[in-house]
Amino acid sequence: MYKISIILTLCAVKAPASTIVYTFDTSQGLGRRFDGIGGLSAGASSKLLVNYPEKQRDEILDLLFRPNYGANFHILKVEIGGDAQSTDGTEASHMHYPWDKNYQRGYEWWLMKEAKMRNPDIKLYGLPWGFPGWVANYTENPYADRQQLAMYIVNWIKGAKTEHNLDIDYIGIWNERKYDIEYVITLRKTLDENNLSSVLIIAADDFNWDQISADIFTHPEFNKAVYGIGIHYPGTKSSVSAVDTGKPLWSSEDFSTVDDVVGGGCWARLLNMNYVNGLMTSTISWSLIASWYNGLPYSGAGLMTAFEPWSGHYQVTTPLWVSAHTNQFAKPGWHYLAHGKGVGNFTFGGSFVSLQSPDEQDFTIVIETISHNMSVCIRPYLPPYTVQNQTVVIKLEGPLKIINKLSVWYSKLSKEEPSSMLIQKTGILVTDGQFQMDLGIDEIWTLTTVTTGAKAKREPPPSKPFPVPYFDDFENSSEFSEPNNLTPQLRSYEVLRNSTTQNQFIRQTSLHNPVEWCGNDNHPRSFAIIGSNDLKHIGISVKFNLDIANATDGVFLSTRVNATGCASIQSSGVFFSIYPKLSKFVVSSDFEGLHPLQEGTLTKIPVYSRWNELELQVAGNYAWGSLNNKELFDINNIPDDPSMGFVGLGTTEYGLADFDDLRLFEPKQDIFKLKFSVVV
């Protein structure tokens, strides 16, 4: 067993001279089992990553998952898609309808496989946000048919194995929504009946330690079904009742902070303090990577950023290297040392945790001295505190006295000059079991017997704006995947192939309301965006086909879209909708069409039994639109606000619709000059 003493000698200019001994001792037992640090891909947060050029995509994935290279994440948590808006977009369900099973949709399967390929030991964790309406018998209550819901989840787990050879380790209930005790018991039984007893349930991915703890104490079957308690944004604290359950405690979603230097400080504090204050043995960040369009909700709230697949540009940011300070030098299955004997707060600010390998051959100490101003989290809020410079004398006792050298990794966070991140310093020579360190403010130190640490060096391509003109015929997308760069905000869009012509196109697939997550999915329109949120003068055209069963009543194009995510239905802009069955079109300044700018009649324009082309051009205060190259309207008084935004397409009502040959282009100047005498 190891016995380590840390003696702090405080600098005279910062505090009265004093010596404080911190004892690191394993002889009387260890703390809790370390379950790992992870990242969360959900809410369409990884949407654009899959579209990156292969070279840059591999570089990014290596930085996230490859051991002893970058962040080296231990856990990958993903959304089980439910065709519902879940923050920055929708993620596709593996079962749009009761008769439908397809395990090729979306990008989470791909991401899990890439992670496993790089690190076979990574743990996989699935959690639903929304659900297709049929799962809840077309109610808003997913627990309306508990067995049906359980089999929906079990099918996803089984599909992961049979189609992708992925073993799911953990499964959740319903993200940040009320759990149902009888459903959790049913899910556990259904998993066991399907030879999935190794899949462990984390409950309940909400915000309340005490409620689930009380239910665990009150309901024996529920207690038996739940492996661990996962709470979101706990602010580094758990509760006495949660600790008393004896179950693993996780911060199963945390961070949600911009990935700049202050975000890195936030992440460093959380990774230590979640265990120091709350005995949480796993912390999982939303998001793993900020790979959605800049301008969507929570832009940049990831451990690194990659939202330009057209340029290949990405940003390796401070939180990624902060992750490496723990992840590269400890593994799930190690144990924390006990509080007061290797885990705690320094008297003059900062914190330390230490971990030991199961064979007792390796140990790691992670120290952070991040100031409050350098560690402000979007959520959770960290109360004010102070940190002072400190001189640390570490004394190794007992079996550790034979150690003569420790590897040292160091980071210094700074707003005034470039931060120094994950720098390997000269190893510390240990003389007669002790050595001295000076700890400054806004520093992270890893002291370890592990010698395999490394810092990857990558030079991403330069950033470029979204390319206009832009064209996509969807031939370069995989069948059943989401269309490249087109980001669904309401309902689900996927690439399909015509069995006769082998031509690929995209289809809006939802026929009914989902069990919504964010509260705005009960609108009948579907909606997908593309581009950037600063497009001003822009044209968009697309071919569409409604000659299919269960077709929608109409389709629309839009520009200057200024609200997305859960606020999509509140968007303003220019929306050009056609309703073939009603033989009319509407141009409006709002998503719901409550403020029409112009309405008209469709006459002698065939829109069935063929592909049709819809086009919208907007510049300044002017808008022009056509169907099958026939002008339907020109308007010279569209609102100035918003003057820019995303462009998009969608359907006007529940039902299927096919789209192809999507184009973005500069407005045709002859149209605007001729009609309105403007220079675009």
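Return a yes/no flag: does region 69-85 have any residue that is farther than 30 Å from W409 by Cα and out of contact with any Phe, Trp or Tyr (no Cβ under 9 Å at 6 or more places or on another chain).
No, region 69-85 has no match at all.
If only one of F646, F585, F633, F575 is surrounded by fewer than 19 Cβ atoms within 10 Å (Cβ to Cβ) and assigned to a strand (DSSP E or B), which one is it? Step through it out loud before you land on a result.
Numbers: F646 fails: surrounded by fewer than 19 Cβ atoms within 10 Å (Cβ to Cβ); F585 fails: surrounded by fewer than 19 Cβ atoms within 10 Å (Cβ to Cβ); F575 fails: surrounded by fewer than 19 Cβ atoms within 10 Å (Cβ to Cβ).
Among F646, F585, F633, F575, only F633 is surrounded by fewer than 19 Cβ atoms within 10 Å (Cβ to Cβ) and assigned to a strand (DSSP E or B).
List every residue pair whose Cβ atoms lie under 8 Å apart, where the two residues are 6 or more positions apart in sequence or sit on different chains, the first residue falls within region 153-169 and is without any contact (Cβ under 8 Å) to a residue 24 or more places away in the chain, and the second residue, located anywhere, is buried (at least 16 other Cβ atoms within 10 Å of the Cβ) and in a loop (DSSP other than H, G, I, E, B).
Listed pairs, sorted by first residue: K161/I168.
Take G230 and tell me if it is under 29 Å from D167 (Cβ atoms), free of Cβ contacts under 8 Å to residues at least 40 places away in the same chain and either within 29 Å of the chain's Cα centre (by Cα) or surrounded by fewer than 22 Cβ atoms within 10 Å (Cβ to Cβ) (or both).
Criteria not met by G230.
Among the candidates F329, F348, single out the residue that is in contact with a Lys or Arg (Cβ under 8 Å, 6 or more places away or on another chain), of a type outside the set (G, A, S), part of a loop (DSSP other than H, G, I, E, B) and in contact (Cβ under 8 Å) with a residue 40 or more places away in the chain.
None of the other options fit; the residue is F348.
Just name the residue that is modelled with the highest pLDDT out of those in region 412-428 that are of a type in the set (V, I, T) and over 19 Å from L320 (Cα atoms). Outline the logic, then answer.
Going through region 412-428, the residues of a type in the set (V, I, T) turn out to be 423, 426, 428.
Filter once more, keeping what is over 19 Å from L320 (Cα atoms): 426, 428.
Details: T426: 94, I428: 91.
In this case the residue turns out to be T426.
Search region 549-564 for residues being more than 26 Å from the chain's Cα centre (by Cα) and part of a strand (DSSP E or B), and hand back the single one that is farthest from H523 (Cα to Cα).
By that ranking, first place goes to T559.
Going by what's in this entry, would Q356 be described as in contact with a Phe, Trp or Tyr (Cβ under 6 Å, 6 or more places away or on another chain), over 21 Å from P332 (Cα atoms), crowded, with 17+ Cβ neighbours inside 10 Å and at pLDDT 90 or above? So that I can check it myself, show each step before the final result.
On the way: in contact with a Phe, Trp or Tyr (Cβ under 6 Å, 6 or more places away or on another chain): yes; over 21 Å from P332 (Cα atoms): no; crowded, with 17+ Cβ neighbours inside 10 Å: yes; at pLDDT 90 or above: yes.
Taking the combined requirement at face value, the residue does not satisfy it.
Could you pull out the residue among N621, N612 that is closer than 19 Å to I540 by Cβ and touching a Lys or Arg at 6+ places or on another chain (Cβ under 7 Å)?
N612
If I ask for residues that are in a helix (DSSP H, G or I) and surrounded by 12 or more Cβ atoms within 10 Å (Cβ to Cβ), which ones from region 399-444 would you list?
P399, L400, K401
Would you confirm, using the coordinates I've provided, whether T451 is in contact (Cβ under 8 Å) with a residue 24 or more places away in the chain, assigned to a strand (DSSP E or B) and either outside the structural domain of S407 (by TED's automatic domain parsing) or within 30 Å of Q56 (Cα to Cα) (or both)?
In short, no.
May I ask you to say which residue of Y69, Y97 is surrounded by fewer than 22 Cβ atoms within 10 Å (Cβ to Cβ), within 19 Å of L490 (Cβ to Cβ) and in contact (Cβ under 8 Å) with a residue 60 or more places away in the chain?
Y97
Here are some conditions: (1) small (G, A, S); (2) part of a helix (DSSP H, G or I); (3) within 24 Å of I75 (Cα to Cα). S241 meets all but one. Which one does it not meet?
Exception for S241: condition (3).
Please go through region 624-635 and pick out each residue that is in contact (Cβ under 8 Å) with a residue 40 or more places away in the chain and farther than 11 Å from K543 by Cα. Please lay out each step first, then the result.
Step one: of region 624-635, the residues in contact (Cβ under 8 Å) with a residue 40 or more places away in the chain are 624-625, 627, 632-635.
If the condition is that a residue be in contact (Cβ under 8 Å) with a residue 40 or more places away in the chain and farther than 11 Å from K543 by Cα, then W624, G625, L632, F633, D634, I635 are the ones that fit.
Among the residues that make up region 149-157, is at least one of them hydrophobic (A, V, I, L, M, F, W, C), touching a Ser or Thr at 6+ places or on another chain (Cβ under 6 Å) and either surrounded by 17 or more Cβ atoms within 10 Å (Cβ to Cβ) or under 28 Å from D62 (Cβ atoms) (or both)?
yes
Select, from E592, E613, the only residue that is in a loop (DSSP other than H, G, I, E, B) and either surrounded by fewer than 19 Cβ atoms within 10 Å (Cβ to Cβ) or basic (K, R) (or both).
E592
Kindly evaluate E176 against the criterion of being on the phi < 0 side of the Ramachandran plot, in contact (Cβ under 8 Å) with a residue 24 or more places away in the chain and either of a type in the set (D, E) or part of a loop (DSSP other than H, G, I, E, B) (or both).
So E176 fails the test.
Answer with yes or no whether A92 is small (G, A, S), in the same structural domain as A324 (by TED's automatic domain parsing) and closer than 17 Å to E482 by Cα.
Answer is yes for this residue.
Which of the residues belonging to region 391-418 are out of contact with any Gly (no Cβ under 8 Å at 6 or more places or on another chain) and free of Cβ contacts under 8 Å to residues at least 40 places away in the same chain?
I402, N404, Y410, E416, E417, P418
The values are calculated or read from the model by the stated rules, or taken from the named source; none is laboratory data. Keep in mind that this is a model prediction, so the values were computed, not measured. Backbone-built Cβ (ideal geometry, glycine too); neighbour counts: all protein chains shown.
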